[in-house]
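The values are calculated or read from the model by the stated rules, or taken from the named source; none is laboratory data. Just so it is clear, the structure is predicted and the values come from calculations on it, not from any experiment. Positions of Cβ are backbone-derived with ideal geometry, glycine not excepted, and every protein chain shown enters the neighbour counts.
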Amino acid sequence: MKEKHKHIKEPLVKLSRRADLDRKHSWSYRALAILAALVVDGIIIMLVVHMNPFDIYSTMFMGAFGTTRKIWVTLKELSLLLLISIALTPAYRMKFWNLGGEGQVLMGAWATAFCMIYLGDKLPSGLLLLVMFVAAIVVGGIWAFIPAVFKAKWGTNETLFTLMMNYVAIQMVAYFIIKWEMPKGSGHVGIINQATQAGWLPYLGSNSYALVVGFVVIVTIGMHVYLKYSKHGYEISVVGESQRTATYVGISVDKVIIRTLILSGGICGFAGWLIVSGSDHTITTTLAGGMGFTGIMVSWLAQFNVIVMILCSLLIVFMGQGASEIATSFGLNEAFGDILTGIIIFFIIGVEFFINYKLHFRKSSGKEEA
Amino acid sequence: MSSPENREVAISLRNVTKTFGSIKANNNVSMDIYKGEILSLLGENGSGKTTLMNMLAGIYAPDGGQIFVNGEEAVIRSPQDAFDYQIGMIHQHFKLVDVFSAAENIILGMQGKLKLDKKAILKDIQETVDRYGFEIDLNKKIYEMSVSEKQTVEIIKVLYRGAQILILDEPTAVLTPQETEKLFFVLRAMKDHGRTIVIITHKLQEVLELSDRVAVLRKGEYIGEIETKEATESSLTEMMVGKKVELNIDRTDPVDVKDLVRVEHLTCLNKYGIKALDDVTFTIRAGEILGIAGIAGAGQKELLEAIAGLQKAEPGSSIMYRAIDNNDEIQLLGKDVNDIKNLGISLAFVPEDRLGMGLVGNMGMVGNMLLRSYNEGRGIFTREKEPRQLAEEIKDRLEVSTPNIYTPVRKLSGGNVQKVLVGREISLAPRVLMTAYAVRGLDINTSYTIYNILSEEKQKGVGVVYVGEDLDVLVELCDRILVLCEGKVSGIVDARTTTKEELGVMMTKYSGDHIAKINVAKLLENDEDEEAENEREA
């Protein structure tokens, strides 16, 4: 037993935290990671489906940006994902793990559809849009307000609570879908107000999604400014870093938690409004399409930096669009596209480890024998 | 020092040194621990007791020196290594899994067969429990346990793993007198079974009551050892606090002293509902430094936080602030930080936990300057220019060494972190400046920078409160010293005429009752034990 202690082996690899890596270096590491991911993807493409990786990559690119129409679809998807990521971000900066984005979006969409169906022929279109907008934000906000109050007042775990709120939202929407189904017995709501287009967000020229993109640009800039330069944004950062410090300088932690979650849920509701009114014109239980969860990844990947989030959501949307394109053009299983996407994301997340830590390999083994 | 011939050395430390940054936590410590003894490791806060023992337990590795176990040199790099040498340590903060039972925690991490035979294990553990006379339900979950029961589990865990040498870090700090007595009972039982016990402590009475031998550390240095039967409270105090050290702090006589904050009958409960402060009455005066002395956890934190509006007080308490200009008196209790600020009262507070409370570690100097002022001015945006200027100013004036004013402050050294915090607080132009352990962990130069700042503030007519642990500094720096003991004021003395020894005695004034209580409890308990034993035999 004692023998073991006399010759302590140096571990093969030791980790140490890097002092700050400068920007140029860290970005070149990230670029290298993407390159490495493409190489690994290429090998997999050749081995598994025996195709030229460059064909696949160019098809993916064309799938996302090949035509004006495709560019608009990509931009719309990018905008929606970005919007939801941005909605979650203030909560995350406060270390409030809001996993309820999906439900908050859905409830916003529900409120929007509700107004379209019941008020579609009663209000002029401008006012209707405004009512829908307000209703979506309020309902989304309430959906986040509930877990926030429980967290602030009684210290409940917000991850479980927000997650469960998703299921409540899904079941509620499922109920209303049966109630509103068109035609009866189809199990779908169908396009709402197809004839009158009441409550549809107008198209600008031929660029059908310009308004959606425009709204998201405004929210993105607004959120960036809010988090970085406003008093509220500062309070959020302090509460996220240390609640004791916040209390010490007189910030009311409960108030900040509740206020921020209303904002977070409200923007999710706003996203629900954009989806129903600006894009889908109908409601389904899968309307958020997992973006409430993908948004979490985007927000983390960008380390809660709003500007970096644009790049992250672009990457994810681009990969998604590309993946479905190669599925159709080459008759490949859609899952294959997801494999390629997964590998790229794995490399991008993985490189952060090497940016934060330095590896020291054991020197030659000669020293040990001595 | 003569030691009996039949003593066998269990552990020897030779020239053990450990540094953290620029701080020498242990400097060339050489000492022996004998088999089958109860050794007290005595020293003030920050004297390096825990660090030294952590090196035996495999938490830290020494920077220099050697450790011998049973005469052979040992390299202890992990708690597992320590167990291989049959050394086990019970830390101040328990390391137990809350949702597991006592037995599950005890076997956690041990090698065993694939299938857990719970019955056999329970029987096995119960044997250990009975041998030393522990009182514990092995099936009880940790979250249902009192602090003392948790401690018992920790001790059994270490024993069950076959530790011959047990180190306990301030084991009585969290116990009631009765629980303390029970603990001492099992410790003596362990000694009778040939185990070696080291207890880390700064409570003199316990040392005298329990141990065979005392080893004393002071400021990281090994001072010496003494047989307990030859020791007295005063001889131990002298070893612990040392001879008078010349510090040469420039202390001016207070001028124009006025009452500033009158604290009366202040009683506060801690989160367990126990009195952290008990009927505390004193006055903070403008133009004076009021020192607060006491062993760790005597109520210092609660006292400062109550004045700062961060701690609730019990009915009957009062903290009156007297405005200097018009002599208006304002009740501070029941008001929070913002209320106090809005009344125009400028209270500066340098808390003990610098990065967890006083500052935001991930923000730079500029962001941290904003903490106190972000809400000033109209509009929804924070100001940019003022905090930046303030950060630059503090960086120059206090010579903060940082790459730039946006570098997160957690990356700065302890001394620089403290300069940022103190700099910000005095920039508030405070009327009252409260500091908790303002120089803990700082090197001599930075410490003097801080002392000078406090003296300057005093000369400006600020009421300064200095909570400290180094008695030399308290005596040299302050004008008056309030001594806290177990939440009560054991006296307020003139710093110019008092001595360290007097302060030391006052710091443990009420612990006297504590021992008396233990003795009574001991008598009662012995009776009960006998009864229980009679019953068992019957």
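Looking across A:LEU99, A:LEU88, A:LEU106, one residue alone is at pLDDT 90 or above and either within 14 Å of chain B (Cβ to nearest Cβ) or assigned to a loop (DSSP other than H, G, I, E, B) (or both). It is A:LEU99. Considering segment A:92-115, the residues that are closer than 17 Å to A:GLY278 by Cβ and aromatic (Phe, Trp, Tyr) include one that is surrounded by the most Cβ atoms within 10 Å (Cβ to Cβ), namely A:TRP110.
Filter segment B:338-355 for residues that are under 24 Å from B:GLY468 (Cβ atoms) and assigned to a helix (DSSP H, G or I); which is farthest from the other protein chains (Cβ to nearest Cβ)?
B:ARG354
When residues in segment B:298-333 are screened for being assigned to a loop (DSSP other than H, G, I, E, B), touching a Gly at 6+ places or on another chain (Cβ under 9 Å) and more than 13 Å from chain A (Cβ to nearest Cβ), 7 of them pass.
When we screen B:ILE90, B:ILE76 for residues that are of a type in the set (Val, Ile, Thr) and away from every other protein chain (no Cβ under 13 Å), the only hit is B:ILE90.
Candidates B:ARG262, B:ARG218, B:ARG251: the one that is surrounded by 15 or more Cβ atoms within 10 Å (Cβ to Cβ), not assigned by TED's automatic domain parsing to the domain that holds B:LEU503 and not β-branched (Val, Ile, Thr) is B:ARG218. Checked against the criteria, A:VAL73 counts as surrounded by fewer than 24 Cβ atoms within 10 Å (Cβ to Cβ) and touching a helix residue (DSSP H, G or I) at 6+ places or on another chain (Cβ under 8 Å).
Can B:GLU399 be described as at negative phi, of a type in the set (D, E, K, R) and surrounded by fewer than 21 Cβ atoms within 10 Å (Cβ to Cβ)? If you could, list the steps in order and put the result at the bottom.
On the way: at negative phi: no; of a type in the set (D, E, K, R): yes; surrounded by fewer than 21 Cβ atoms within 10 Å (Cβ to Cβ): yes.
So B:GLU399 does not fit the description; no.
One residue stands out among those in segment B:59-73 that are within 12 Å of another protein chain (Cβ to nearest Cβ) and buried (at least 17 other Cβ atoms within 10 Å of the Cβ): the one that is farthest from the chain's Cα centre (by Cα), which is B:VAL69. Residue under question is A:ILE326, and the condition is that it be crowded, with 22+ Cβ neighbours inside 10 Å and under 30 Å from A:ILE56 (Cβ atoms); does it hold? So A:ILE326 fits the description; yes.
Checked against the criteria, B:LEU428 counts as more than 20 Å from the chain's Cα centre (by Cα) and either modelled with pLDDT under 90 or part of a loop (DSSP other than H, G, I, E, B) (or both).
Apart from one condition, A:LYS179 fits all of (1) under 26 Å from the mean Cα position of the chain (by Cα); (2) away from every other protein chain (no Cβ under 14 Å); (3) not in a loop (DSSP other than H, G, I, E, B); the exception is (1).
Taken across segment B:267-283, residues that are among the aliphatic types (A, V, I, L, M), in contact (Cβ under 8 Å) with a residue 60 or more places away in the chain, away from chain A (no Cβ under 14 Å) and under 25 Å from B:TYR448 (Cα atoms) do not occur at all.
Scanning segment A:214-237 for residues that are over 16 Å from A:LEU88 (Cα atoms) and surrounded by 20 or more Cβ atoms within 10 Å (Cβ to Cβ) turns up A:TYR234, A:GLU235. Within this structure, A:PHE54 passes the test of being without any contact (Cβ under 8 Å) to a residue 60 or more places away in the chain, of a type outside the set (Val, Ile, Thr) and in a helix (DSSP H, G or I). Output yes when any residue across segment A:257-269 is surrounded by fewer than 17 Cβ atoms within 10 Å (Cβ to Cβ) and modelled with pLDDT of 90 or more, and no when none is. Among the residues of segment A:257-269, not one is surrounded by fewer than 17 Cβ atoms within 10 Å (Cβ to Cβ) and modelled with pLDDT of 90 or more, which makes the answer no.
Based on this model, can you work out whether B:PHE185 counts as surrounded by 15 or more Cβ atoms within 10 Å (Cβ to Cβ), at pLDDT 85 or above and out of contact with any strand residue (DSSP E or B) (no Cβ under 7 Å at 6 or more places or on another chain)? Judged against the criteria, B:PHE185 is a match. Among the residues of segment B:458-476, those that are more than 26 Å from B:CYS268 (Cβ to Cβ) and touching a strand residue (DSSP E or B) at 6+ places or on another chain (Cβ under 6 Å) comprise B:LYS458, B:GLY461.
Could you tell me which residue of segment B:364-389 is surrounded by the fewest Cβ atoms within 10 Å (Cβ to Cβ), considering only residues that are part of a loop (DSSP other than H, G, I, E, B) and facing another protein chain (nearest Cβ under 7 Å)? This residue is B:ILE380. A count restricted to segment B:101-123 and to residues that are exposed (fewer than 15 other Cβ atoms within 10 Å of the Cβ) and either at pLDDT 85 or above or within 20 Å of B:HIS91 (Cα to Cα) (or both) stands at 6. Contact map, segment B:120-141: residues that are outside the structural domain of B:VAL99 (by TED's automatic domain parsing) paired with residues that are at pLDDT 90 or above and surrounded by 13 or more Cβ atoms within 10 Å (Cβ to Cβ), Cβ distance under 6 Å, separation 6+ or inter-chain. No pairs are found. Report the residue count in segment B:258-274 for those that are of a type outside the set (D, E, K, R) and assigned to a strand (DSSP E or B). Going through segment B:258-274 one residue at a time, the tally reaches 8.
Here segment A:238-256 is the region considered, the condition is being more than 7 Å from chain B (Cβ to nearest Cβ) and surrounded by fewer than 20 Cβ atoms within 10 Å (Cβ to Cβ), and the residue that is farthest from the chain's Cα centre (by Cα) is A:SER252.
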